[in-house]
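Accompanying notes for the structure given below.
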Amino acid sequence: MLNTVLLISNSRDIHADAIANRLAVRDVASVRLNVDAYPAEEVWTLERQRNSKSTRISRQVPAESIDFSEVTSVLLRRPASFGLDSSLSPEIAAFVADESKASLIGLWDALADKRWISPYTFIRDAENKLRQLRIAASIGFKTPRTIVTNNPKDAAAFCAEVSEVITKAIHRGAIQRGSQVSIMRTSVVNTSHLTELQRVRHCPSLLQEYVPKAYELRITVVGTLVFACRIDSQDSPETRVDWRNYAVQIPYSATDLPDTVKLRCVALVNHLGLHFGAIDMVVTPDGDYVFLEINPAGQWLWIEERTGLRITEALVDLLVDGHTGKRES
């Protein structure tokens, strides 16, 4: 299993599928851990011998045991909620989920000497939008005025001072109810919302000035390569605030960026300790580039399908060779 790549994600992740398929074309072995199948279906063992500095990792699948001593790189995508036995009581299920999380953190640690895209702790920290804004501004990006508060008076004052305000989640922006997941999208704070500002007392809320848009950018950074997709979100009123309305057809196209913006994008990913990042940015009618946020495990296949940018290939280069080829947009 020389040069084996470990893919950690969930059973519904088509991006991990695409990576595995491309690795197979190159005759590179891959093993996949779907966290939503662990521990109910996935069977793993981490073993430390007495006084040993290393951990032996094995995964039991039908008729074979796989040793991960020759894993060279790890792609950490989007681990989902743990797959738990449905017969467990809520209290026991919570205990099992906590123990499962601790065991996977032990797995991450046992593989710490491998090449990660990207390390778990850096992905976790990079998901915080406040940290993103601080670091983006420190390397020269323009960023919008932002407040996070659970004080209704401060929220009301911000809305009074800023002509147009949007709100979005501070972290991941997903609410799970059983098997259903609701995504909290960016939305405008309108007059009806102002009458309900007392509700921010119960949960810290992120309010931000709306940035006027000529168009938007999804910039995918893989290692030192920068792939830029232009999104003409202002072509439809339904995508004016948040372009992620996939029922609406708007133009997407590969585009080039000023060298300064490219360098800052790579610097941002490096500052966050990542090797991959999906950056959302606005280009204003005045031509300013304004940073909004970065997703350390963002999706990219939709960009490839619409633009032909070879992001999957660059990721496979990084996983297999430790560097990227010259396939930049």
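Given an 8 Å cut-off on Cα distances and at least 6 residues of separation, report the relative contact order of the chain as a percent.
17 percent
Measure nothing fancy, just the Cα-based angle from helix 14-25's long axis to the longest principal axis of the chain, in degrees from 0 to 90, nearest 10.
Orientation of helix 14-25: about 50 degrees from the principal axis.
Give me Cys203, Cys229 ranked fewest to most by other Cβ atoms within 10 Å of their Cβ, as a rough exposure proxy.
Cys203, Cys229
On a 23 Å Cα-Cα criterion, which of the cross-link pairs Lys153/Lys213; Lys142/Lys168; Lys213/Lys262; Lys101/Lys168 come out too long?
Lys153/Lys213; Lys101/Lys168
Quick one: angle between helix 311-321 and the longest Cα principal axis of the chain, in degrees between 0 and 90, rounded to 10, please.
Helix 311-321 and the main axis of the chain meet at about 40 degrees.
Taking the square root of 5 times each eigenvalue of the Cα gyration tensor, what semi-axes in Å does the equivalent ellipsoid of the chain have, largest first? Before the final figure, lay out each step's value.
Working: eigenvalues 266, 136, 62 Å².
Rounded to whole Å, the semi-axes are 36, 26, 18.
Residues with amide H under 5 Å of Asn150's amide H, sequence separation 5 or more or different chain, H placed in the peptide plane at 1.01 Å from N; which?
Answer set, sorted by chain and number: Ser205.
Once both axes come from the Cα atoms, what is the angle between helix 90-110 and the longest principal axis of the chain, in degrees from 0 to 90, rounded to 10?
Relative to the chain, helix 90-110 is tipped by roughly 80 degrees.
Going by how many other beta carbons lie within 10 Å of each one, how would you line up Ile117, Ile139, Ile105, fewest first?
Sorted ascending by nearby Cβ count, the order is Ile105, Ile139, Ile117.
We did not get these values from a lab; they are worked out from the coordinates using the rules stated. Note that the coordinates shown come from a computational prediction; the quantities given were computed from them, not determined experimentally. Positions of Cβ are generated from backbone atoms using ideal geometry, with glycine treated the same way; all protein chains shown enter the neighbour counts.
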